1. Can you tell which of 109, 116, 60 is surrounded by 16 or more Cβ atoms within 10 Å (Cβ to Cβ), among the hydroxyl-bearing types (Ser, Thr, Tyr), in contact (Cβ under 8 Å) with a residue 12 or more places away in the chain and under 30 Å from residue 32 (Cβ atoms)?
2. So is residue 47 basic (Lys, Arg) and modelled with pLDDT under 95 or not?
3. Applying the selection to the stretch 52-82, what residues are within 20 Å of residue 134 (Cα to Cα) and of a type in the set (Asp, Glu)?
4. What are the residues in the stretch 133-151 that are surrounded by 13 or more Cβ atoms within 10 Å (Cβ to Cβ), under 16 Å from residue 106 (Cα atoms) and not aliphatic (A, V, I, L, M), if any?
5. Mind listing whichever residues of the stretch 83-129 are within 20 Å of residue 43 (Cβ to Cβ) and among the charged types (D, E, K, R)?
Amino acid sequence: MKLLSIVFTILFIGCSDTNIESVEKLWDTAIEFREKDDLRSSITSFKSIIQNYPNSKFSSKAQFQIADIYLNDVKDYPFAITEFETLIGNHPENILAKKSAFMIAYVYSNYLDKYSMAIEKYKLFLDKYPDDELVPSVKFELEGLRKYQPTIDSLNNL
């Protein structure tokens, strides 16, 4: 029985190392594709990480990279928001969930001109992460959105 436990442990550790090496190689490949502007292959590789290694530290990073590609490279802002929301849903306690929450509000404000949604998302951020290092940035953004508040209020009263 003890020999069986030892064999199982060796196999488990061996498989774990192989998985770590595999996900790291896949990560490196995805990054290389992105650097070469082969965004489709990059996204496919990142999605493979998410699907095949959902519990690895690379899964949330891959999801963030996908959102970042749609935001900064593809310029599909609604889809970027969807990808950031997916990260928050799948990895709510991850530090990238906080960054994603901020980015959602930022995209609403600075790319989509959906100021009421931006204000709502920034306020949610402040409620959920009151001591985060991004709080000064959130407050700065909210101050900039203040000029739209009378228009938002008048439209809400219609």
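1. Working: 109 fails: under 30 Å from residue 32 (Cβ atoms); 116 fails: under 30 Å from residue 32 (Cβ atoms).
Only one candidate qualifies: 60.
2. Working: basic (Lys, Arg): yes; modelled with pLDDT under 95: no.
For residue 47, the condition - basic (Lys, Arg) and modelled with pLDDT under 95 - is not met.
3. The one that is within 20 Å of residue 134 (Cα to Cα) and of a type in the set (Asp, Glu): 68.
4. Applying the first criterion (surrounded by 13 or more Cβ atoms within 10 Å (Cβ to Cβ)) to the stretch 133-151 yields 134-135, 137-138, 141-142, 144-145, 148-149.
Restricting the remaining residues to those that are under 16 Å from residue 106 (Cα atoms) gives 134-135, 137-138, 141-142, 144-145, 148.
If the condition is that a residue be surrounded by 13 or more Cβ atoms within 10 Å (Cβ to Cβ), under 16 Å from residue 106 (Cα atoms) and not aliphatic (A, V, I, L, M), then 137, 141, 144, 148 are the ones that fit.
5. Matches in the stretch 83-129: 83, 85, 99.
The values are calculated or read from the model by the stated rules, or taken from the named source; none is laboratory data. Everything numeric here is computed off the predicted structure, so don't read it as measured data. All Cβ positions, glycine included, derive from the backbone under ideal geometry; neighbour counts span all protein chains shown.
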